[in-house]
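Just so you know, all these numbers are worked out from the coordinates, no wet-lab data involved. Since the model is a prediction, treat every value here as computed from it, not as a measurement. Positions of Cβ are backbone-derived with ideal geometry, glycine not excepted, and every protein chain shown enters the neighbour counts.
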Amino acid sequence: MSLAEFLSGLNQLLGTGIPMAIFSVLSAVIVILLFAMPVGGFCTYLERKVAADFQERIGPNRVGPLGLLQFFADGIKMFLKEDSISKNADRWIYNFAPSLVLAGSFGAFAVIPFSAYIIGTDLDIGVFYAMALGSLVSLGVLLGAWSSDNKWSLIGGMRGAAQIVSYEIPLGLAVLSVITISGSMSMHQLVAQQAWPSPGGVGHFWNVFHNPFMFVNFFIYFTAALAECNRTPFDLPEAESELVSGFNTEFSGMRFGLYALSEFADVILFACIASAIFLGGWHVPFFDLQSLNIGLSVGELDLSPLVQSVLMIGVFLFKVAVLVFVVMWLRWTLPRLRVDQLMNLCWKYLIPISFFNLIGAAVWTWAFEGRSILQLLGQVLGVY
Amino acid sequence: MLQEFGNALSFVVLAAILPPVILFIGKFFRPSFPHEGKLTTYECGELPEGSAYVMFNNRFYLVAIVFLVFDVEIALLFPVLLLFREAIDIGGSVAFQVFALAFAFLGVLFVGLVYEWKTGDIDWVRDAADRRQHLESQEKAAL
Amino acid sequence: MAGLATNLPAYLIFSLVLFSFGLVAALGRRSAIGIFMGVELMLNAAAVNFVAFQVLRKGVIANDSWLHGHIFSLFIIILAAIEAAVALAIVLRTFGSRQTIDADRADELRG
Amino acid sequence: MTLVDLFVAFCFVLGAVAAFFTAFHPNILYGAISLIGSLVAVAGIYGALGADFLAAAQLIIYVGGILIVILFAVMMSEDIYKRRFFEGARKYIFPAIAAGVIFAGLARITLGADWSDVTKPDFEPTARAMGWALVGPYALVFQYVVVVLLSGLIGAVIIARPAVKMKQLDEEITKSGEE
């Protein structure tokens, strides 16, 4: 059930006659402005705190308690800084590129399944739609770099586009293997099938542990997603040492803030998609949250789905937080790859491996009629 | 189903109009002192000479070409592999048909990838001089 | 304007507009990429027609439960992609040898 | 005037204006940028017609693939900022006339026909149905397309290979021939 229907359901209770379209825009505002941007901003603070921990220093703690409002202060500072567009920059494309990049990274939040009842919009082509919007980001990066008429940003932009573009293939193949296993593209179905296997149920536990090929595919997906958001071992386009922060050399003030925000939104987006299609979204091992039943109900409205939904969102966001922490952890442990190592890794290692993994996953689902290791183990032990 | 598209569209439209709105609102608060030095492109301090539209050797384009073909392959495989699970439930022969079709498709294109690999086209060698040195090192390794 | 979404001639006129602009671009542009962009527009126009007929004229083709229109436009998109790959390769090669890709100047028959 | 009609009308206008700029804009790069507009408009129309898989495939292949290739080609091939003048409208005259004649003729035919038996579109998900079509009646075409893909891939790479590499490969072939 999409967020918009949930809100309009609420509206029927209150009786106000607001049309459905307003609710879809409202759901967009809620997910983007109240979830993606604040959490993206908060990640900048978190990244500096985590980095400080790794290097045994304190990190930002001046603004607000424990420095929690640091990202807010950064945002205001960027908002007020001068946005100087260089003389022979190509004004039209210069202003058009950030909205392409942001549309690509924030638009895909529509299909993220936060809980069994709350999802931005349950498209039948959910995962495919998220990949389609991902390809807009590479276009925006290329145009933004090209229009700022700066040799460094042009080289950084070309490298960034080549890197994002070529890592979309292992990403696509990993998502393909998930679809081969679960037979549906809509995110809600993909997650619903990862419930804890029960005798009658359809769940076959998390896709990561479905079969050995899927386990490897998760790591391929994670590596490709790291490269897609230009994060640490692959942050060549913004390599500070070589390219003077690559494609966003010429961006100042809020324009740079928008690009940085869209980079963090990409990290969160891929963490959400990875935890939804590989780590079983809102499912918890050993227990099915949807069967949780609390007696209390207000008037005739039973409260247990609400409580279940809150718990599910908590579980889902915990998994996203773990993945984002690993991304930040990598930043301070792995050195940066050279261009040819980066491309060789993609074309000579990731793509062949994901080819064979896809074939392996298909053969596994064919041989065991889609049952996972856990289900097979359960049958051997006679549990069901 | 159109309501679902409407929700997705409102997400994309909101995300697309965010930057112009923020940058426009900021215009009133932002200082703006266009100074000659500030407006030239950033070249670590020196005066920029020559435009940035310098040409590149063509390893970028080889990547773009090979990516295009493999991206098409993934887009075509999505609908076929979507049915794989359903075909298994229907019966063995249908499942075999879908499996053979999809993985013949995959195999043929894997041949393309192997060809690229063998002729060294996806090697990310910087330019002609390096390529010759790259090839000589391969020959030494082969001897 | 009412019922525009299910009004088949509107889609046909739009694809015709796209096609004629594509034709002008293909015939009028000097650079090889301009010609290629014109061809892309014409291919898109044809693909829109296929989908519009499949969705808005159900029950006319024999067993149209197979979504023939959608399959046709999918293959149009795919062949346009392959054409783009080869077109870029040709542009690369002509630019390598002749420093420009004006279609008028590439008139020698030698390699 | 439902929202869908409004959206389709917006896609029509966006597509037509973007196609106009693709054809007539003096600077080839702005032509490529406006091509994005028309491709996204066509993807929007697929969405309004209920062809959800096609809209996403159009976005991935066209906007994410072909346009990147076009932009690489445009950026590489010509120094856009040297020639700001309009490349002489003379060469547009003949194509404009030809396109105008074709447009008038076909428009008269389409508007003349009676479109009474237009049916209501029933919006079902199309990805699964297209999958069964690709496996069923279009299985042969599906395999044929992959052969075309392979030949296109190898052909494009051979053409695009740098001249210096071709000399090495020829030497290798001749050397292996002599042994």
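What the table below lists for this structure:
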| quantity | calculated |
| --- | --- |
| Pairs beyond 26 Å (Cα-Cα), from B:K118/B:K140; A:K77/A:K319; B:K118/D:K175; A:K49/A:K81; B:K140/D:K175 | A:K77/A:K319 |
| Highest-first arrangement of D:46-57, A:58-69, A:222-233, A:341-352, where packing means the average Cβ count within 10 Å | D:46-57, A:222-233, A:341-352, A:58-69 |
| Segment D:K175-D:S116, length gained on full extension (0.36 nm per residue, minus Cα span) | 14.1 nm |
| Chain A: C-alpha gyration tensor shape, a/c 1.5 cut-off, then a/b vs b/c | oblate |
| 10 Å Cβ neighbours from other chains, averaged over peptide A:96-107 | 6 |
| For the range B:20-31, 3J(HN,Hα) per residue [Karplus equation, 6.51 cos²θ - 1.76 cosθ + 1.60, θ = phi - 60°, Hz, x = Gly/Pro] | x, 5, 4, 5, 6, 4, x, 4, 6, 9, 7, x |
| Average Cα contact separation per residue, chain A, under 8 Å, 6 or more apart, as relative contact order % | 21 percent |
| Contact order normalised by residue count of chain D, Cα under 8 Å, 6+ apart, percent | 18 percent |
| Karplus (6.51, -1.76, 1.60) ³J(HN,Hα), θ = phi - 60°, over the range A:171-176, in Hz, Gly and Pro reported as x | 4, x, 5, 5, 5, 4 |
| Cα long-axis angle, helix A:20-29 against chain A (0 to 90 degrees, to the nearest 10) | 60 degrees |
| Computed E for B:S32/D:A9 - FRET, C-beta separation, R0 45 angstrom, nearest 0.05 | 0.75 |
| Shielding by partners, peptide B:17-30 (average Cβ within 10 angstrom, other chains) | 6 |
| Between 0 and 90°, nearest 10: helix D:163-178 axis offset from chain D longest Cα axis | 50 degrees |
| Highest-first arrangement of B:18-26, D:101-109, where packing means the average Cβ count within 10 Å | B:18-26, D:101-109 |
| Rounded tilt (10° steps) of A:351-367 against the dominant C-alpha axis of chain A | 10 degrees |
| Cα centroid separation - the range C:1-61 against the range A:51-99, whole Å | 44 Å |
| Cα-based shape type of the protein assembly as shown, given that a ≥ b ≥ c are square roots of the gyration tensor eigenvalues and the cut on a/c is 1.5 | rounded |
| Point-charge dipole on Cβ atoms (K/R +1, D/E -1) for chain A, about Cα centre, debye to 20 | 640 debye |
| Shielding score for D:13-22, defined as the mean number of other chain Cβ atoms within 10 Å | 5 |
| Rounded, prolate or oblate (a/c below 1.5 giving rounded, otherwise prolate when a/b exceeds b/c) for the range A:320-384 by Cα gyration tensor | oblate |
| Amide hydrogen neighbours beyond the local backbone of C:S31, cut-off 5 Å, H modeled | C:A103 |
| Highest to lowest packing among A:268-278, A:115-125, B:112-122, scored as the average C-beta count within 10 Å | A:268-278, A:115-125, B:112-122 |
| Placed amide H near A:S2: partners under 5 Å, 5+ positions off or other chain | A:D122 |
